[in-house]
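The values are calculated or read from the model by the stated rules, or taken from the named source; none is laboratory data. Predicted model, so just to flag it, every value in this text is computed and none were measured. Note that we place each Cβ from the backbone using ideal geometry, even for glycine, and neighbour counts take in every protein chain shown. Heads up: the accessible areas ignore ligands, DNA and RNA and are worked out on the full protein's heavy atoms, side chains in. Shrake-Rupley method; radii C 1.70, N 1.55, O 1.52, S 1.80 Å.
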Amino acid sequence: MRVVITGGGTGGHLKVADAFIEEYSKRGIKPIFIGSVNGQDKDWFENDKRLKKAYFLETRGVVNKKGLGKISSLFQIFKAMNQCFDIFDKYDVKTVISVGGFSAAPATFAAILSWGCKLYIHEQNSVMGRLNEITSKFATQVFCSFDNKSLIRDYPVSEEFFDNARIRDELKTIIFLGGSQGASAINNFALKVAPTLKKLGLNIIHQTGKNDYERVKEEYEKMGIEVDLFPFSKEIAKKMSEADFAVSRAGASTLWELCANSLPTLFVPFPYAAKDHQYTNAKFLEDKGLCYLCREEKLNEEILIESLKKDNFSISKKLVDSIKYNAVESIVNLISQGK
Ligand SMILES: CC(=O)N[C@H]1[C@@H](OP(=O)(O)OP(=O)(O)OC[C@H]2O[C@@H](n3ccc(=O)[nH]c3=O)[C@H](O)[C@@H]2O)O[C@H](CO)[C@@H](O)[C@@H]1O
């Protein structure tokens, strides 16, 4: 009997899939991954030795499509669902864990329609994605860190963010984070405030995303400002731990990793995220006095400088209790018991 982990598209979903794969791997179990040929799924899990097998099926998003595009995407999902039935038969799959995103659709529907197969959903965000909204009614359990009905409330954050955590009692370095794909608004803001931050004697770490890296690099060079600049880093936990304050998008994985790292943050949510979920993600923390939150259109230098002057030592201390480290272990324990 095999476990299937399905879903992806962007880093936020894939990071949670990775946490599940790692936990099963620790238990000597090799799960099957089912993702899509589109999005970042292949970059993360092609040739991953922890997996029994990784399948990347022909699927793409449905929600943002209209007319014929929508029909064709739905037809692809239907075809891919039939491939999932074959995979389930071949490996006697009785447990499917979905981390959401369009990549998850075929295996999730196949799980619902397969006799004796249990579906578990991890919803990362404070507002449910469209697929999870439809399929969660059929799930044995839905796990969500923003939902007080969820059996496990802690987010599956990799241990390295806890291992590298520290209470911030001084301000030397600031990190700019744009989520898995980078954010041009955060990049532009960083470029605008960099001269002031340098005058204040602060170091800058800046993750730009792949597409904007060259432009941002040139702009810093023109200003003669030295920064630790990179498009995407596999060592983001280490980069976070070097910083004393963050300016970041409010994607769920990044948000909880910053909490795990005890790093005080000014969140600037992606304004076009479905149902404004990045805003409500960060609002959840802001209501508890655990972060600063600013709409992209209102972001300016004064807001950042004011946040830097506040009592970030207290916020950093409070963040220690905002998340526990063993969430994925607890979730997999429940799944193993069939709960
Ligand atoms: C635009 C959009 O809709 N984004 C969504 C997407 O965000 P996105 O894919 O950006 O997801 P997150 O910000 O949640 O996570 C990004 C992940 O990439 C990792 N990372 C990032 C930069 C880097 O250099 N190295 C690195 O490893 C981070 O540590 C994190 O684990 O999925 C999230 C989880 O469903 C949602 O909350 C976001 O709203």
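Taking region 169-179 as the search range and keeping residues that are buried (at least 21 other Cβ atoms within 10 Å of the Cβ) and among the hydrophobic types (A, V, I, L, M, F, W, C), which one is farthest from the ligand (Cβ to nearest atom)? Filtering region 169-179 for residues that are buried (at least 21 other Cβ atoms within 10 Å of the Cβ) and among the hydrophobic types (A, V, I, L, M, F, W, C), the one farthest from the ligand (Cβ to nearest atom) comes out as ILE174. Please determine, by comparing only the residues of region 300-333 that are open to solvent by 30 Å² or more (accessible area, probe 1.4 Å) and hydrophobic (A, V, I, L, M, F, W, C), which one is farthest from LYS192 (Cα to Cα). Looking at the filtered set, the residue picked out is VAL320.
When region 279-292 is filtered for residues that are free of Cβ contacts under 8 Å to residues at least 40 places away in the same chain and surrounded by 18 or more Cβ atoms within 10 Å (Cβ to Cβ), the ones remaining, listed by number, are TYR279, ALA282, LEU285, LEU290, CYS291, TYR292.
Residue-wise test of (1) closer than 21 Å to ARG168 by Cβ; (2) hydrophobic (A, V, I, L, M, F, W, C).
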{"position": "GLU214", "(1), (2)": "no, no"}
{"position": "ASP228", "(1), (2)": "yes, no"}
{"position": "SER241", "(1), (2)": "yes, no"}
{"position": "ALA246", "(1), (2)": "yes, yes"}
{"position": "TYR272", "(1), (2)": "no, no"}
{"position": "CYS294", "(1), (2)": "yes, yes"}
{"position": "ASN300", "(1), (2)": "no, no"}
{"position": "ILE323", "(1), (2)": "yes, yes"}
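Does region 114-121 contain at least one residue that is within 16 Å of the ligand (Cβ to nearest atom) and among the small types (Gly, Ala, Ser)? Checked against the condition, which is being within 16 Å of the ligand (Cβ to nearest atom) and among the small types (Gly, Ala, Ser), region 114-121 yields no hits at all.
Can you find, within region 56-96, the residue that is surrounded by the most Cβ atoms within 10 Å (Cβ to Cβ) among those that are within 19 Å of ILE134 (Cβ to Cβ), of a type in the set (Val, Ile, Thr) and modelled with pLDDT of 85 or more? My answer is VAL96.
For region 97-111, the criterion of a residue being at negative phi, open to solvent by 10 Å² or more (accessible area, probe 1.4 Å) and outside the structural domain of ILE315 (by TED's automatic domain parsing) is satisfied by at least one position.
So if I check each of ALA250, ALA260, which one is in contact with a Pro (Cβ under 6 Å, 6 or more places away or on another chain), at pLDDT 95 or above and within 12 Å of the ligand (Cβ to nearest atom)? Going through ALA250, ALA260 in turn, the sole match is ALA250.
When ARG153, ARG130, ARG166 are screened for being of a type in the set (Lys, Arg), surrounded by fewer than 19 Cβ atoms within 10 Å (Cβ to Cβ) and not assigned by TED's automatic domain parsing to the domain that holds VAL99, only ARG166 passes. When region 5-35 is limited to residues that are within 17 Å of the chain's Cα centre (by Cα) and among the polar types (S, T, N, Q), the one that is nearest to the ligand (Cβ to nearest atom) turns out to be THR10.
Only strands (runs of 3 or more DSSP E) whose full extent lies in region 30-124 are considered here, and the ones with at least 1 residues that are polar (S, T, N, Q) and in contact (Cβ under 8 Å) with a residue 40 or more places away in the chain are 32-36, 93-98. Considering region 1-18 alone, what residues qualify as being open to solvent by 10 Å² or more (accessible area, probe 1.4 Å) and part of a helix (DSSP H, G or I)? Scanning region 1-18 gives GLY12, HIS13, LYS15, ASP18. Tell me, yes or no, whether region 293-300 has at least one residue that is more than 15 Å from the ligand (Cβ to nearest atom), modelled with pLDDT of 95 or more and either in the same structural domain as LEU151 (by TED's automatic domain parsing) or not in a loop (DSSP other than H, G, I, E, B) (or both). There is at least one residue in region 293-300 that is more than 15 Å from the ligand (Cβ to nearest atom), modelled with pLDDT of 95 or more and either in the same structural domain as LEU151 (by TED's automatic domain parsing) or not in a loop (DSSP other than H, G, I, E, B) (or both).
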